Structures are given as structure tokens and as C-alpha cells.
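Q: Mind having a look at this structure? Questions to follow.
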Amino acid sequence: MRVFLFLSLFFVCDYTFASIKQDSQKCTTDLVTIDFNFSGGGNSVCEVISSDHIKILVKPESKDSINPSPWYAFRKSKHIKKILLELDYGEYEHRYFPKIKKINSGWERLNKSDILLKNDGKNVFINFYPSKEDQYISSQELITEDWYEDWYKILKKNKFLKSKIIGYSVQNRPIKAFFSNENINNPFILILGRQHPPEVSSVFAIKGFVNELIGNINLSEKFLSKYNIFFVPLMNPDGVENGFWRYNYNKKDLNRDWDNFFQPETYSVKNFLDNLKNRNQPILYIDFHSTYKNIFYISDAQLTNSQPSFLLNWLEKSRLELSKIGYNFSIKESYTNSNKISKNYFHNKYNIPSMTYEVSDTEERSKITKSSKILARNLITILLNPEDKIIDMAERKGFEPSRRLPVYTLSKRAPSTTRPPLH
Ligand SMILES: [Zn+2]
């Protein structure tokens, strides 16, 4: 009887295990292995259809309504025959064109001819030809903790900067901040990045922008003697490591938490700023994100201080120079009195210009870096020369005048499936 019970339990367990294996974080056939067990690997699971066909079910971290940013990243072992991989987005649609990273080389887009979209983009079929090495395939470049640590090592060598851990994420990862404090009474510029994990194109912008502020041979020294900067490049380390589409590890959108500060990541920034024991105040806030196009959401029209069009002037002053390198963008006045979004929180609390710096998912990476450096350099110039008249670019011949657009409020947004992505 005991033996029978033991065997019954064994078969029950074995059956359960086999059914989980059908749909798991690793799939192996006699030709290839696919897995997601690495930084940024995400919530996807896989299913073996046949030895040369594996389906990847691309899933968000939560069933709650979530931004349509279907993040996927998988590792493929070497294989000697052609194989077919299928991305199945369920109710979501394909957004990110797949990129591949071969060992010892950078990220490249896959060949368009090897990719077939079906079912209105809800399924994507990708052919892979024999490969002699493991390869990573991902929605966007895998820019995770290691990448940031490499950058931090360089930042720590910069003579103007100090670093500090200002808090810890839900999974206990440090929230790392950098700041210059040549003179603690100087006003400062506040910069945050990566509240939303898949928004990788924005990383090229924040890096270029910050590097220019602290590394311009002619301007940085003077600039940092009059202004400080405070920046947190990676606000959502858990979301990035886990390959989430939107949230932190508590399944909360960090950029909707700036009213209550329930999440440790947002609270760490608020707490640090609230505890500054000197007279310096932020004078400008910039929050880096990514979306379908290059756009700056600005809220300086509401300002009651002396520089009501600071952002608009800065961006318009830079437009011609940016258009010369092919970086085209739009500007949208965007303000609500709700503090949930960081841009509104800093704008409302400090009465300062605040901006969401949105970078197109598909913008050429070198162009993102160049444009962010141009913007940073022009920002320095404007801040160091406040008496200079801002050139009215709209009056230049052949230049498209800027247009003030209606205030952008949450209530005016279209339904979630069709609306532009939220910042
Ligand atoms: Zn975002």
C-alpha cells in the first residue's frame, strides 16, 4: 500500500512537472535551446512546437492595464540548421523591431526579410540561420545593471561629481545618485532616467546630456561653479533587471507615484531633496523617457517666476542645430495640477520649468547622443548668459515656427489601445 501511494504521488508530481515544462523559461529541442534567464530577460515563456519551431509567449509583468510596450529578450544557443522562432504577443501588438547581439560585437537590427508579421502584428515569425555561437535577441539593446555600473565607474572619476546611494528598490537594489556640489548654495538641475524599463532609446540621451554637462572642455568648469546638477540615471533597477514593460517590482508605475511616494524608488528622491540642509533649490527638472517619436513635453507656460518660456526658448534655440544632424522633434505644452507624474510634481512644488524628454524608440543611436549633447551645451550657454536675448528661431527664414498646443491632460487621452504612450 505504501509503495502504491509513493508511486502514485511520484506519477502525479511527474505529470505536473511535465506540464509546466511545456511552457517555461527554457525550451530545448534537438536543434536549439531558448531561454530568458539573464538580466532583462523578461516575463516571457516558451513552448516547443517542433524541433525547429519554438513559440515565445511575450507577457507583461502584470495583468493590470499596462502600456503597450511588449518587451521581449531571449538567448538562443548555437544551432546547425535553420530554425523558426515565433513571438506571440497575445492581446498586444509588435512594437520593437528585433535586434541581435553576437558575442564580442554590438547590437544590430535583424534582416527585415527574415521577419514576418501576422495577425495584425500579434504574431511575429523570425527565421534564424545556423549560428556557431550563443546569441541574444532583444526588443531594444539590453542596457541593464552591468552597463550602468560601467558608466558609473567613469562618472566616479569625474572631478566635479560625487555619488551617493539615496535609497533601495523593492528588491533591495541601490538607487544611485550623482551630484556636483562645488558650492552648496548654487541652484541645481535635477535629472532622472529610466522610470520605465523598456525605454532604452532614452538612455543614449541621458548619457550624452549628462556627459556634456560635466565634460565640456570649455564650459563645464564655469557652469558647475554656478550651477549644480543632481541626477539618478536608473530609477527602476528592478524593472530593468526583470525585463518589465512598465512597472517596478510592486507592479506600480513609478511615474504615477509622485503624489503619495508609496514606492521606495520615488520616495528615495523626494527624501533626499527634502533633507537638503542648505539653500539650494532645483531650477529645472528633466525626466528622460522613450516613445514612438522625438517629443518634449514641457510645462513652463504655467510658471509665475521670471522665466515663463524657458524650455520653449531653449528648445527652439536648438532646433536649427538639431535639424542639421537630422534630429527632428515636436514640443507639446503639457500640464495638469495632479502631482502623480514627476514632471508635474517638480513643477508644482518648486515652480520650475519641467520637461519630459521623450526619445523615439527607433531614432538612430548616434543621433540621439549627438542631439542630447547639443541640447546640454545650449542649456549651459543660456544659463551662463541669462541676459542674452534668446534668438527667435521662428522668425528665421525657412524655419517652421513653433506652435503652442492645447494643454494635454489625462482626461483628454484616447482609449489605452490607441492613445500615444504615456510618459
Ligand atoms: Zn516613460
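Coordinate-derived values only; no laboratory data. Source: prediction; values computed, not measured. Using ideal geometry, Cβ is built from the backbone for each residue, glycine included, and neighbour counts are taken over all protein chains shown.
Q: Pop out the ³J(HN,Hα) list for segment 355-364 in order, Karplus 6.51 cos²θ - 1.76 cosθ + 1.60 with θ = phi - 60°, rounded to Hz; leave Gly and Pro as x.
A: Running phi through 6.51 cos²θ - 1.76 cosθ + 1.60 with θ = phi - 60° gives 8, 9, 9, 9, 10, 4, 4, 9, 4, 4 Hz.
Q: Per the Kirkwood definition applied to all pairs of different Cα atoms, how many angstroms is the hydrodynamic radius of segment 22-138?
A: Values: mean 1/r = 0.0697 Å⁻¹.
Here the Kirkwood hydrodynamic radius works out to 14.4 Å.
Q: For a test of the definition: using alpha carbon positions, the gyration tensor, and the 1.5 limit on a/c, classify segment 42-109 as rounded, prolate or oblate. Each step should come with its number before you reach the end.
A: On the way: a/c = 2.40, a/b = 1.39, b/c = 1.73.
Oblate, because a/c is 1.5 or more while a/b does not exceed b/c.
Q: Residue by residue through segment 373-379, what is 3J(HN,Hα) from phi via Karplus (6.51 cos²θ - 1.76 cosθ + 1.60, θ = phi - 60°)? Round to whole Hz and write x for glycine and proline.
A: Values per residue, Gly and Pro as x: 5, 4, 5, 5, 5, 5, 5 Hz.
Q: Could you let me know the centre-to-centre spacing of segment 164-181 and segment 296-360, using Cα atoms, in angstrom?
A: 26 Å
Q: If packing is taken as the mean number of other Cβ atoms within 10 Å per residue, what is the order of 93-100, 68-75, highest first? Before the final figure, lay out the partial values.
A: On the way: 93-100: 18.5, 68-75: 24.1.
In decreasing order of mean packing, 93-100, 68-75 become 68-75, 93-100.
Q: Now a separate question. In sequence order, what are the phi-derived ³J(HN,Hα) couplings for segment 48-64 according to the Karplus relation 6.51 cos²θ - 1.76 cosθ + 1.60 with θ = phi - 60°, rounded to whole Hz, with x for glycine and proline?
A: Each residue's phi maps through the Karplus curve to give 7, 8, 7, 4, 10, 9, 10, 9, 10, 8, 8, 10, x, 6, 8, 7, 4 Hz.
Q: I need two numbers for segment 164-287: Rg to one decimal and Dmax as a whole number, Cα atoms only, in Å.
A: Final numbers for Rg and Dmax: 14.8, 44 Å.
Q: Go through 156-166, 236-246, 257-267 and give me the packing order, highest mean Cβ count within 10 Å leading. Provide the component values of the computation, followed by the final result.
A: Details: 156-166: 14.1, 236-246: 25.3, 257-267: 19.4.
Packing order, densest peptide first, comes out as 236-246, 257-267, 156-166.
Q: Scan around Ser169 for amide H atoms under 5 Å from its own, H built in the peptide plane at 1.01 Å from N, and keep only partners 5 or more places away or cross-chain.
A: Ile175
Q: Oh, and also: What is the percent of Cα-Cα separations in segment 145-412 that go past 36 Å?
A: 8 percent
Q: Additional query: Put +1 on the Cβ of every Lys and Arg and -1 on every Asp and Glu Cβ in segment 227-364; which of Tyr327, Met355, Asn271 then has its Cα farthest towards the positive end of the dipole?
A: Asn271
Q: So, by mean Cβ neighbours within 10 angstrom, what's the order for 44-56, 113-125 with the highest one leading?
A: Those peptides, ordered most packed to least, come out 44-56, 113-125.
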